[in-house]
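First the structure, in the form of structure tokens, and then the observations on it.
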Amino acid sequence: MQPTGPERFRIAVVQGSRQGSGYLLTSRLVLTAGHLVTNRYQVKVAALGGVGEIECRVLWARHDRECDAALLFAKKGGLLPRERADELDTAPVRRGRPLGLETMESCQAIGFPRMQRDGEELDTEQIVGTFKPGSRMVHARYVLDSPHTPPAPLQGGESPWAGMSGAALFAEGHIIGVVVADPHGWQHGRLEAVRSRVLFDDAKFVQELVKHTGHEPTIAEFSGTEEHNPHAEFERRYAAQVAERFNELTIFGLDFSRQDPHRVAFTLTPRHAGTGCGVEIGNDCFELDQPAVLGLKSAQTGPVHVHGTRHAHRRPARLTDSPPAPADRPPAGIRSAPGPLRETRRRSGPRRPAPCLVRPGGQACRPLSPE
């Protein structure tokens, strides 16, 4: 199941020009705030459950009015033990871009703010609140408002959220921004973040991301108008699996696979048993597999589903076409003796109608080609 927020072993503390937070995109690649790494040569990162502080180099950084973010890369190995690093690297981080101006509840970020320090020991804080895309639009910042009692200011007027900068902001299980500020006038009940759109509009950022992740970033788009459903991710995955496994079109008893135009699924009933060795439909010949259907005549009372392969297609057909019916070539059917199923023809005898090809009213038809 996909995570709905930050993952434990991706949360990191960044020690640069000042202390802040970060989020691991891979076991070596870290997303953080740009103002933390003004000194590019003195940056260290430690991940929760990791191997300790590791020196990192700055791959990319911006610190201007619109953008305040950086990408760091661990110099020696990864930030996590090998087993955990392999697991992390096989599960890419999901990235998102909110649409519209509707608010979204239960958005969150986890970092290492000053208010959680116990002496010199750092600890995490998880802020959960309302994402308000309509706020701070001119400055291109995202806003997260907390409904909980805000922390008290620290002595000397320092923000209790100092150290939270660089934490990844999540909505609907996707990273949508990077926390960078505790704005004045909101009594420490609001945090601001750089928008994901700003990051992905930066060609250098995307270039470094692709280089060190090995793939182009996929960005999901969503909005607050979608009703919150805790089972939405499971339902999306289930729907995709059903569509992949059962993506067939059924027409007059024939199922055409969209994935292979030469594979056809037949629905046959007991009346079709013992009529030959294969199936001939118009100008197309089909060789059937699954010999188990040969017990159809004596053991089945309902329809049986089998599969066949198209061997020839001589001309395009329309739904109103009638198959040719020369008197000396009866259609092949299914025999009741075991053995391989192949097309057979007889030189005499009346022609028998091909199974499942007669429309109501007696008009014969050809199957449609798959889309």
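Descriptive notes on the structure:
- Rg and Dmax over the alpha-carbon atoms of segment 8-239 stand at 17.0, 55 Å.
- Set LYS44/LYS204; LYS44/LYS211; LYS44/LYS76 screened for pairs whose C-alpha atoms are more than 18 Å apart: LYS44/LYS204; LYS44/LYS211
- Ordering of 92-101, 112-121 by burial proxy (mean other Cβ atoms within 10 Å per residue, highest first): 92-101, 112-121
- Dipole magnitude for segment 8-239: computed about the Cα centre from +1 point charges on Lys and Arg Cβ and -1 point charges on Asp and Glu Cβ, it is near 720 debye.
- Charge dipole magnitude, Cβ of K and R +1, D and E -1 - segment 11-81, Cα centre, debye nearest 20: 200
- By average C-beta atoms within 10 angstrom, highest first, the peptides 131-143, 23-35, 71-83: 23-35, 71-83, 131-143
Values quoted throughout were computed directly from the atomic coordinates according to the rules given, and no laboratory measurement underlies them. A quick note: this is a predicted structure, and the numbers were derived from the prediction, not measured. In this analysis, Cβ positions are derived from the backbone assuming ideal geometry, glycine residues included, and neighbour counts consider all displayed protein chains.
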